[in-house]
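So the structure is just underneath, and the comments pick up after that.
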Amino acid sequence: MAYYGISSNLVLYMTNKLHEGTVTSSNNVTNWVGTVWLTPIIGAYIADAYLGRYWTFIFASIIYFMGMCVLTLAVSLPSLKPPPCGSGTADPNCTNKASSLQLGVFFFGLYVIALGTGGTKPNISTIGADQFDEFHPRERKHKLSFFNWWLFSIFFGTLFANTVLVYTQDNVGWTLGYALPTLGLLISIMIFVAGTPFYRHKPLTGSPFKKMAQVVVAAMKKYRVSVPDDPKELYEGNDKARISYTPSLRCLSKAAVKRGESGRPWSLCSVTQVEETKQMVRMIPILVATFIPSTMMAQVNTLFIKQGTTLDRRMGSHFQIPPASLVTFVTLTMLISIVLYDRAFVPFARRFTRNPRGISLLCRMGAGMFFHILVMLVAFLTEHHRLSFARSNGITTKGAIVPLTVFILLPQFVLMGIADAFLEPAKIEFFYDQAPEGMKSLGTAYSTTTLGVGNFISSFLLSTTEKVTRRSDGGEGGWILNNLNKSHLDYYYAFFTVLNVVNLFFFLFVSRFYVYRAEFGAEIEAVEESDKEKSKHMDVKDG
């Protein structure tokens, strides 16, 4: 609720209150959101190497709360806000730009929040998943649904943010609109702390970055050494939980080749350490394939909302839908889709696939990417219709409302919700589940990194497209202008449609060669079978 209470309406605060242009405000939003989703890499490192997940989350939550307080002050104190233009709305002739101090305080608050989320986002879901015992059949079964309901709870908070908070910000005031999520964040931290006696805590396992760096360095030192055909000749080490050798990525296997350098971790690594590194490397192509879908998600809180400001948002004679509340349709669709997926689709699919998840995680991610193609195709057709109607009726001035209902945007928001219901839970679960036991926080950070990189790609594509198309049109026009009624946003969405098609083929290619990490369930069955055999032998002996 706190994060989406800020991000959902941020582009409109920057344009209407800070008086920034469409491209500048959209890029400022995506740059901040990108930072929010990239800092978890730092939080995962601190959690695994130094503080543990619990304390990293606690300290990061305090930083998060401080950032929310600064931001609330920035939108409340008159000295920290630029004077309004016109009647306090977006005015195309406004010259009241925000001062360096006002911008500095506002963006300082935003990036303090980004620093705080770096410690909360990779650790809170990991702490939640850690509460399930992999070796307890009933708890393991519940864990298969955990990430579905984890995303459900997140987007339940998002629903409140996109309705109550956005309406409050647009119609009551930004002070109350930011103070409410700040208070909500404080309450949530208190609730989390209250549950401390009941949590299961995983011990520190050391820095995953250091472990992987040692493997890479040791392998580079032995680049001329051949890997023996018999894996038993490799260095096993003293790891308590050993991972069996796999023949893939043999270049990294050289780190475990013994040459008399025992006790030197930067020259000789155990097979388990090498296999942990291999597993994190194997996931990188899948990670790259999720960048483009994350770029599409960045459009929801920027260009999709800006589209909504150009359409008729009236419901009755006294109520207008806040533009940022359009994201509610994404949230509602996702909430409904997750419930249907977990309670109806999974049991149905399980009968045919024999997979406890219904379908594999990669298959679910692929379905989400297919829906992303439909999202941008529908967005292209809708925007083409809006522009054609506006131009045929001579509606080309900046800020003019096109007499079409805002609900023509509903299909692209609904399809985005379905796409997210398939892709996002599967993505989080995939990177958590496939990460080695001592690198779970880093695995979770992989899933947030995709969103961060996606937002930075969005900023790059938006800026580049605006410059290239403006230059090619004699510097007068372009695909993306502050005046959307003179822009060609439909061309931009068509470009995204093609980009999603190419990315889907890339994902299908890399997922074809991906080998899943051995499931603990198989190990449980092996242990149970072993116990049964021992029991039989004991019975025979006793007889």
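The values are calculated or read from the model by the stated rules, or taken from the named source; none is laboratory data. The model shown is predicted, which means the values in this text are computed figures rather than measured ones. So basically every Cβ, Gly included, is an ideal-geometry build from the backbone, and we count neighbours across all protein chains shown. Calculation scope for accessible area: heavy atoms of the full protein, side chains included, ligands and nucleic acids excluded. Shrake-Rupley method; radii C 1.70, N 1.55, O 1.52, S 1.80 Å.
If you average the C-alpha positions of segment 98-168 and of segment 334-409 separately, how far apart do those two centres end up, in angstrom?
23
So for segment 127-194, what percent of the C-alpha to C-alpha distances run longer than 16 Å?
Here the tail beyond 16 Å accounts for 62 percent of pairs.
Q320's amide H: which non-local residues (gap 5+, or another chain) put their own amide H closer than 5 Å, with H modeled 1.01 Å from N in plane and none for Pro or chain starts?
Close amide H contacts, sequence-distant or interchain: M315.
Compute the long axis of helix 440-472 from its Cα atoms, compare it with the longest principal axis of the Cα atoms of the chain, and write down the angle in degrees, 0 to 90, nearest 10.
40
Using only alpha-carbon positions, what ratio does the radius of gyration of segment 197-294 give when scaled by 2.2 N^0.38 Å?
Cα-based Rg divided by the globular estimate yields 1.22.
Tell me, what is the 1.4 Å probe accessible area of F407, in Å² to the nearest 10?
80
Want the number for T175 to R391: 0.36 nm per residue separation, take away the alpha-carbon distance, what's left?
73.9 nm
In degrees between 0 and 90, to the nearest 10, how far off the longest principal axis of the chain does helix 208-221 point, with axes built from Cα atoms?
Roughly 60 degrees between the two axes.
Once Lys and Arg get +1 and Asp and Glu get -1 on their Cβ, which of T158, Y54, N27 lies farthest toward the positive end of the dipole of the chain?
Sorting the options by dipole projection puts first N27.
Cα atoms only, segment 1-120: Rg and Dmax in Å?
Answer for segment 1-120, Rg first and Dmax second: 16.0, 53 Å.
How compact and how long is the chain, expressed as Rg and Dmax of its alpha-carbon atoms in Å?
So, for the chain, Rg and Dmax equal 26.0, 97 Å respectively.
With just the Cα atoms of segment 97-136, tell me how far they stretch along each of the three principal axes, in Å, largest first.
That gives 60, 12, 7 Å along the principal axes, largest extent first.
What do you get for the angle between helix 489-512 and the principal long axis of the chain? Use alpha-carbon atoms, 0 to 90 degrees, nearest ten.
0
³J(HN,Hα) across segment 307-322 via Karplus (A = 6.51, B = -1.76, C = 1.60, θ = phi - 60°), whole Hz, x for Gly/Pro?
4, x, 5, 8, 10, 6, 9, 6, 10, x, 8, 10, 10, 10, 6, x
Gain in length, F352 to L249, computed as 0.36 nm per residue apart minus the alpha-carbon separation, to one decimal in nm?
My answer for the length gained is 33.7 nm.
Just how large is the dipole of the chain about the Cα centre, in debye to the nearest 20, putting +1 at every Lys and Arg Cβ and -1 at every Asp and Glu Cβ?
Roughly 640 debye, rounded to the nearest 20.
So which of K211/K258; K121/K240; K210/K427; K211/K240 end up more than 22 Å apart by C-alpha?
K121/K240; K210/K427
Hey, if you drop one equal point scatterer on each alpha-carbon of segment 328-428 and run the Debye formula without solvent, what base-10 log of I(q)/I(0) do you get at q = 0.11, 0.15, 0.16 Å⁻¹?
Computed log10 I(q)/I(0) values: -0.45, -0.68, -0.74.
Helix-derived [θ] at 222 nm for the chain: sum -39500 (n - 2.57) over DSSP H runs of at least 4, divide by residue count, nearest 500?
-21500 deg cm²/dmol
Quick one: length gained pulling F505 to I62 fully straight, 0.36 nm per residue minus the C-alpha distance?
Length gained between F505 and I62: 155.2 nm.
Take F407, project a point 7 Å from its Cα along the Cβ direction, then tell me which residues of segment 317-341 have their backbone nitrogen under 19 Å from it.
317-334
Evaluate Rg over Rh across segment 188-239, taking Cα atoms for both radii and Kirkwood's formula for Rh.
Using only Cα positions, Rg/Rh for segment 188-239 is 1.30.
Relative contact order of the chain: what whole-number percent is it, with Cα pairs under 8 angstrom and at least 6 residues apart?
21
Per the Kirkwood formula on distinct C-alpha pairs, the Rh of segment 16-55 is how many angstrom?
12.2
Convert 10 °C to kelvin, take the viscosity as 1.306 mPa s, use the Kirkwood radius over C-alpha pairs of segment 396-514 as Rh, and evaluate the Stokes-Einstein diffusion coefficient in µm²/s, rounded to a whole number.
90
Please report Rg over Rh for segment 344-389, where both radii come from the alpha carbon positions and Rh follows the Kirkwood definition.
Rg/Rh for segment 344-389 comes to 1.31.
Evaluate E = 1/(1 + (r/R0)^6) for H384 and F156, where r is the Cβ-Cβ distance and R0 equals 22 Å; express this FRET efficiency to the nearest 0.05.
Plugging the Cβ-Cβ distance into 1/(1 + (r/R0)^6) gives 0.05.
In nm, to one decimal, how far is the S267 label point from the I187 one, both placed 7 Å along Cα→Cβ?
For S267 paired with I187, the spin-label model returns 6.0 nm.
Name the long-range amide H neighbours of L404: under 5 Å, sequence gap of 5 or more, or other chain; modelled H, no Pro or chain starts.
D312
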